[in-house]
1. With respect to S39, is the statement that it is crowded, with 19+ Cβ neighbours inside 10 Å, more than 15 Å from A265 (Cβ to Cβ), hydroxyl-bearing (S, T, Y) and modelled with pLDDT under 90 true?
2. What residue, among those in region 68-86 that are surrounded by fewer than 14 Cβ atoms within 10 Å (Cβ to Cβ) and in contact (Cβ under 8 Å) with a residue 40 or more places away in the chain, is nearest to V214 (Cα to Cα)?
3. Would you mind stating whether V18 is crowded, with 16+ Cβ neighbours inside 10 Å, at pLDDT below 85 and farther than 30 Å from L227 by Cα?
4. Looking only at region 107-149, which residues are outside any strand (DSSP E or B) and hydrophobic (A, V, I, L, M, F, W, C)?
5. Based on what the data block shows, is G304 in the same structural domain as L20 (by TED's automatic domain parsing) and either at pLDDT 80 or above or under 28 Å from the mean Cα position of the chain (by Cα) (or both)?
6. Return yes or no: is S454 of a type in the set (S, T, Y), farther than 24 Å from D234 by Cβ and modelled with pLDDT of 50 or more?
7. What's the number of the only condition in (1) at pLDDT below 90; (2) over 28 Å from the mean Cα position of the chain (by Cα); (3) within 23 Å of N262 (Cβ to Cβ) that S217 fails to meet?
8. When residues of region 210-265 are filtered for being in a loop (DSSP other than H, G, I, E, B) and touching a strand residue (DSSP E or B) at 6+ places or on another chain (Cβ under 9 Å), how many remain?
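The values are calculated or read from the model by the stated rules, or taken from the named source; none is laboratory data. This is a predicted model, so every value here is computed, not measured. Here the Cβ positions follow ideal geometry from the backbone for every residue, glycine too, while neighbour counts run over all protein chains shown.
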Amino acid sequence: MTWVGGLVRRRAAREAGVVLGVALAVAFLASLGAFFSASKARMTREAKAGVDVDWQVQLTPGTSMSQAQKVIASAPGVLTSLPVAYADTPGFSAKTGGSFQTTGSGQVVGYPAGYADAFPGEVRFLVGARSGALLAQQTAANLQASVGSTIGFKRPGLAPVAIRIDGIIDLPQADSMFQAVGVAPSAAPRAPPDNVLLLPDALWHRYIDPVAKVQPSAVRTQFHVKLANDLPPDPSAAFAQVLARAKNLEAQLSGGGVVGDNLGAQLDAGRSDALYAQLLFLFLGVPGALLAGLVTAVIAASGGDRRRQEQALLRIRGATPARILRLAAAEAGSIGVLGTALGLGGAALAGLLAFGTIRFGASSGQALLWAMGAAVIGIGLAFATTLLPARRDLRTITVSQARAIVGPPRQPLWARLYLDVILLAAAGLIFWQSVRSGYQVILAPEGVPTISVSYVT
């Protein structure tokens, strides 16, 4: 410690520069690593929150509904599974105010009790009751119908049915609710149906079960599934887990059902963004840490001549190489510990000012892992810039060479060519070209809409 104290008194500015270089590298890695970990975890949470029905398991014709329900309910990760029945209708009709209104084809959906509570994002109640015969808002406008109106819907091969409307609703997730499960995107419908009627399960079976005997292809059954919120924070790992569970369920159903993986579609977009986040960490965080390391090495190397003279003086006075290395290790350890502490403190302060938390929104485990990794790298940087040069000098330079005075060094080629200025200008031009066009919104014509976040613009 006497040696370290002497260095601080005699070379305070240079030692402070090395400490700040280590602190900068540690702060870069700890803060950016925790931020990107938190970003990926947030992508997973938002993907899960943005999907109300995680899976739509469509049963194939001839599959036992009771047996399928047992298999689905016992599948890993399944919290809720409710049967939903669909039937094609050639059209709806209504007589209002002396005029007769008709619509094109549509869907009659049978929902079980408690469906709106289990999947609150699927149905938005507008007017009237929250149960009974519920007419979609667009269909009500087409038929000029309201609560209490009587409408009719056609049944393939059978007589039409008249029914009294109890409420008007909206279907916010109609794209996914009416997606064609197990069908190639090119063969799927371009848009959800405009005309939809929701009936309680008992009414649906009363009016639609005869249709299944006449035209089985017009009727299908799905199980809407809500999964447990036990996904890994990484979108890629969460996607792999959800996909594996979906494939496992299809295998357990033995061909009796096909899984429409709505959650997987959302996580697929999230894992693409997570990949971009990893690339940004690679191209922003790692170069920043490397630059801080290079600055640290330059500052440490600037005192190389004086350090070699001090080593030569120690060797003249009888210090062994092992003793000199221990002194250099003590200096490197002091620099590493102090720089790491300052870097972690700076990262925590930046997180507190920017995000209101020292963890940058990451979990305690993720933040601790990145802090430990950054600390190891910071201490390693201190030893690499202080101890290794001392060890190299001891092995390659004699006492007389260490005490020799040399002239000023020549500038390196990159400095004489202003290569750094040219590369910075090129990077600025490329960045300007990439952001000048702004952003574009891409709409998915069918299935589950996906969202993508740009970290650059």
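1. yes
2. Per the stated criteria, the residue is L79.
3. It is true that V18 is crowded, with 16+ Cβ neighbours inside 10 Å, at pLDDT below 85 and farther than 30 Å from L227 by Cα.
4. The initial filter retains those residues of region 107-149 that are outside any strand (DSSP E or B), namely 112-123, 129-133, 137-149.
Once the filter is applied, which keeps residues that are outside any strand (DSSP E or B) and hydrophobic (A, V, I, L, M, F, W, C), region 107-149 yields A113, A116, A118, F119, V123, A129, A133, A140, A141, L143, A145, V147.
5. Criteria not met by G304.
6. Criteria not met by S454.
7. (3)
8. 4
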